[in-house]
Amino acid sequence: MVMNVEIISKEIIKPSSSTPHHLRKFKLSFLDQLAPLFHFPIIWFYDSKKVVDVEPFERSCLLKESLAETLTHFYPLAGTPINEEFSINSNDKGPDNSCNDFGKEVLLAVQYNIFECGGVAIAVCISHKLADVISAVNFVNAWAGTCRGESEVISPIFDAHIHFPPRDITGFMPNEAYISKETIVTRRFVFNKSSIAALRREASAAFGPEDRVASRVEVVSAFIWMRIMVMARTRTTKPKQVTAVLAVNLRERMVPQLPVHSFGNLARVAIAGETPVEMEKDYQFLVRQLRNTILEINAEYLKKLQDGPVGDLYFLGKKDKQFQNGEIESCNFSSWCRFSVYEVDFGMGKPTWVCCPGFCCKNTVVMMSTKDGDGIETWVSMKEEDMVMFENDQELLSYAS
């Protein structure tokens with residue numbers, strides 16, 4: 001189905017009150033410096049039956065007013081980058097309201113969509129250079145709370161640069177190899193409760209009786225990783241390795257733990273070690289490989305990262321060269337399953353559906369819980385010619401719709 005979208009208006013939304021002078025220069029952390037240079041999108045859909053109480057234009061005004069008020073607390077999102085100083089100029093320039101046409105200078109863009117049926121969708125794009133997904137969801141929840149008239153909304157904590165001070169990364173282009181100039185397409189694959197249970201049973205042989213049961217994210221990630229490796233072996237140009245790269249939330253791994261409202265890129269990637277060719281179809285081995293890789297992002301690793309991440313930069317630089325040389329490919333996983341995306345209520349009730357419509361990075365997998373919480377929706381982005389093979393993989397389709 002082709003949907004025609006008519007842009008009715010565009011507007012720059014500025015914070016409702018000026019950012020104090022002493023907060024104008026917002027320092028990025030070392031982890032922000034390493035973040036890739038792209039925006040990630042999230043869309044919230046709301047049922048027409050729940051939005052009839054307010055006329056669309058009035059709703060639009062309410063959304064803009066509450067966004068302006070929320071930006072006074074999330075003031076870096078309304079600023080512009082100062083790349084050479086590893087900082088954001090919180091100049092209250094304001095975010096754009098279109099997710100279709102904006103550059104690297106825009107850190108936040110939103111779009112309010114009204115459908116003929118009366119339902120609405122709110123789309124949000126945030127620069128990954130400034131925020132991870134947890135920070136983005138916290139921002140949208142704060143905006144939604146302000147919109148529905150909540151008197152107290154939890155404010156963000158901007159101290160990531162204290163825990164991870166910015167460093168000189170001259171000569172290192174963070175995650176450049178992951179962003180593709182080729183045509184990337186995105187497809188949604190849904191693993192329901194029974195499929196996940198079947199994968200868990202199959203994965204159980206990977207662990208002993210004293211180990212915890214494999215998580216939903218572990219079994220789905222390992223399965224998709226395996227199918228991508230199988231697909232890669234069928235190409236004429238074959239990489240030596242397809243490496244699993246998993247985003248790991250650091251807030252709960254810090255000692256002491258950081259609050260969930262800590263803002264910024266408080267995540268690192270866990271990179272699974274090289275997998276012998278003969279083990280690429282050993283599902284139990286891959287599940288165990290993923291778990292062990294994630295466990296390496298522990299308090300000891302984080303202490304070393306805080307003290308001086310020279311080794312981390314060397315390792316990432318070496319991996320980037322291998323990606324660029326075609327020696328290895330990455331399969332990048334990001335799990336949003338535990339994030340409160342279905343709690344976002346702008347006064348129209350909770351959303352009927354939340355989605356991530358795709359990334360500019362090839363072999364990227366975003367996982368989100370289904371609304372009932374039992375299944376997992378996976379949004380897979382890859383090269384167009386690869387997707388033709390992947391979406392017709394019968395082993396994949398035996399578990400996912």
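The values are calculated or read from the model by the stated rules, or taken from the named source; none is laboratory data. This is a predicted model, so every value here is computed, not measured. Every residue, glycine among them, receives a Cβ derived from its backbone with ideal geometry; neighbour counts consider all protein chains shown.
Overview of values
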item: So ILE42, is it crowded, with 19+ Cβ neighbours inside 10 Å and either among the basic types (Lys, Arg) or not assigned by TED's automatic domain parsing to the domain that holds LEU130 (or both); result: no
item: Test: residue in segment 342-357 that is under 26 Å from ARG233 (Cα atoms) and either not acidic (Asp, Glu) or not assigned by TED's automatic domain parsing to the domain that holds ILE43 (or both); result: no
item: Yes/no for LYS64 being assigned to a helix (DSSP H, G or I) and charged (D, E, K, R); result: yes
item: Residues of segment 367-401 classified as within 18 Å of the chain's Cα centre (by Cα) and surrounded by 19 or more Cβ atoms within 10 Å (Cβ to Cβ), total; result: 10
item: Residue within segment 38-56 that is farther than 23 Å from LYS371 by Cβ, out of contact with any Ser or Thr (no Cβ under 6 Å at 6 or more places or on another chain) and either modelled with pLDDT of 90 or more or outside any loop (DSSP other than H, G, I, E, B) (or both) present; result: yes
item: Subset of segment 265-299 (residues that are basic (Lys, Arg) and either assigned by TED's automatic domain parsing to the domain that holds PHE30 or in a loop (DSSP other than H, G, I, E, B) (or both)); result: LYS281
item: Tally of residues being surrounded by fewer than 16 Cβ atoms within 10 Å (Cβ to Cβ) and not small (Gly, Ala, Ser) across segment 17-36; result: 5
